[in-house]
Amino acid sequence: MLSWLVAILVVALVVEHPFWLVAVLLTTVPVARAAWVLAQWKAVMRFMLWMAVAIVVINVLVSNQGSHVLLEAGFQLPLLGTPRLTVEALAFGGSMAVRLAAIISAFTLVNLCVHPDDLMRAAIKLRLPYRSVLVTSLSIRFVPVLMQDARTIADVQQSRGLSFDSGGIVQRIRNRGALILPLLSNSLDRAVQVAEAMESRAYGASVRRTFYRDLPPVGRDVALTVVLLAGIVLLLASRVAGLGGYEYYPSLGDLSMTSSEWVALGMLCAILLSVTIPSSPRGEECR
């Protein structure tokens, strides 16, 4: 799963063409279905929609480049110049939103399918700094806990007659305070408890670390890693050959792709989807 995450990150950061970015995002959907976490994945991606809108709006506000102007203001702003809405700015912001969505989708699936202890054990075996690995593992572990706390607090507040969606925008923001403040307080209390537990277990002592539960790589894991590495090599070779690129500024390029680009994209998607090949019964790989 970690090799698949690395492959998704490399592909999302290297390619520029909108079709390639959308294809990378869509390849994460069958992975969510195969892992039986589609409902949880959808909940995260619904929040990603708001982030995508924010990315597009911010890009439109800060970038006035582009040859196809849709709207232009009759005034100037300090440091930003004359605000203009261009097709190029919208397209670039949308592509960046899709890229971020693909990355967040991959991280979400890894978080849902791999236990934090397994992630930490794999990172330690890769000789990564233990303190950094532990901090990352604890951060990932807190995400589902915070989501569950938020749902519990929201149910409690609604049982007391508080409606989060009533009133205007200002009133809705104030209503959210009844959710955020208790959630922040619980998070701080939990952080103190974790710190006390670590101190009571002599965290920081220089000892040779052992693993209570060790999972050696099997043949399928090695084969999948080799296939994903081959996909990364294929991607880099395609980019060197000029495939997967796209020009947004100063004018949008042609969206059409050559037959070589379609073949390379199809092979890349097939490699990324190889992780969906079943190897265990339902629920055995994901928590």
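The values are calculated or read from the model by the stated rules, or taken from the named source; none is laboratory data. Computed from a predicted structure; not experimentally measured. Cβ atoms come from the backbone with ideal geometry, glycine included; neighbour counts cover every protein chain shown. Areas reflect the complete protein model, heavy atoms only, side chains present, ligands, DNA and RNA absent. Shrake-Rupley method; radii C 1.70, N 1.55, O 1.52, S 1.80 Å.
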When the dipole is taken about the Cα centre of the chain, and only Lys, Arg (+1) and Asp, Glu (-1) are charged at their Cβ, what size is it in debye, to the nearest 20?
-> 820 debye
Residues with amide H under 5 Å from that of Thr86, placed H, sequence gap 5 or more | Leu70
Among Val110, Val15, Leu90 the positive-end extreme of the charge dipole of the range 1-159 (Cβ point charges) | Val110
Counted charge near Ser105, where neighbours are those whose Cβ lies closer than 14 Å (Asp, Glu -1; Lys, Arg +1) | +4
Assuming a ≥ b ≥ c are the square roots of the Cα gyration tensor eigenvalues, decide whether the chain counts as rounded (a/c under 1.5), prolate (otherwise, with a/b larger than b/c) or oblate.
-> oblate
Using θ = phi - 60° and Karplus 6.51 cos²θ - 1.76 cosθ + 1.60, couplings along the range 112-120 (whole Hz; Gly, Pro as x) | 7, 9, 10, 5, x, 5, 5, 4, 5
What is the distance, in nm, between label points placed 7 Å from the Cα along the Cα-to-Cβ direction at Phe164 and at Trp50?
-> 0.8 nm
Note, the range 57-71: 3J(HN,Hα) by Karplus (6.51, -1.76, 1.60, θ = phi - 60°), whole Hz, Gly/Pro = x, goes 5, 4, 5, 5, 6, 8, 10, 10, 7, x, 8, 9, 8, 8, 9
Would you calculate a helix-derived [θ] at 222 nm for the chain, using -39,500 (n - 2.57) for each DSSP H run of n ≥ 4 and dividing by the full residue count, to the nearest 500?
-> -23000 deg cm²/dmol
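How high is the relative contact order of the chain, given as a whole-number percent (alpha carbon pairs under 8 Å, six or more residues apart)? Kindly include the intermediate steps, with their values, before the conclusion.
Details: 259 pairs, mean separation 91.5, N = 287.
Across the chain, relative contact order equals 32 percent.
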Carbon and sulfur %, accessible surface of the chain computed with the full protein complex present, 1.4 Å | 66 percent
Regression test value, accessible area per residue of the range 109-180, probe 1.4 Å, units Å², expected 63 Å²
